[in-house]
Amino acid sequence: MLTEDRTPQPTKFKQKKERSTGFKVFGVVLVIIGIGIILYLLFLANTPGFRNDDVSLLEINRVSRENPVVLYFWSGGCSYCEDQKSIIEDLEQDYEDENVTFYWLDYSKHKDLTDHYNIRGFPTTVLVNNASVQKKFVGFTGYESIAEELDAALESYK
């Protein structure tokens, strides 16, 4: 006597359908990841209005032996950095004829400098005078506080 196996066997059509559903889910996940990467690049990695200077510690030390150097460490998406930005721009413009060098540094792209200057919060403004730190301002800092230190640094070069 023959017994019939009543277990449903997947047909080729069902297997193909199950496989294509998996590919669709995988495709949707890839699209979502892609959109996330694009949004990151547009809004955080290249924060509009902030420049990112390419400078090394050796260059900072060399330049600071001739004139004061202001290092402005900022972070994309940081609201305090956005507020500090206008102060740094004003200082840069006002000290343009005073022989002060300003470097804008995105912390995520300058880990070596961030580590060297022990940067832990943003924004941070560092005044380098004769290859050493004269003053470090952590957080939002007013124009007058930074200008006062800059004036003192300029006097030391005369």
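Coordinate-derived values only; no laboratory data. Just so it is clear, the structure is predicted and the values come from calculations on it, not from any experiment. A quick note on method: Cβ atoms are made from the backbone with ideal geometry, for glycine too, and the neighbour counts reach across all protein chains shown.
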Open item on the list: Sort 118-127, 91-100 by the packing proxy (mean of other Cβ within 10 Å over each peptide's residues), most packed first.
Closed with: 118-127, 91-100
Open item on the list: Expected output is a single nm value to one decimal: the length gained when fully extending between Ser56 and Val138, i.e. 0.36 nm times separation in residues minus the C-alpha distance. What is it?
Closed with: 27.4 nm
Task: Label-point separation, Glu98 to Ile35 (7 Å along Cα→Cβ), nm - done: 4.9 nm
Task: Given Lys111/Lys158; Lys85/Lys158; Lys135/Lys158, the pairs whose alpha carbons are separated by over 24 Å - done: Lys111/Lys158; Lys85/Lys158
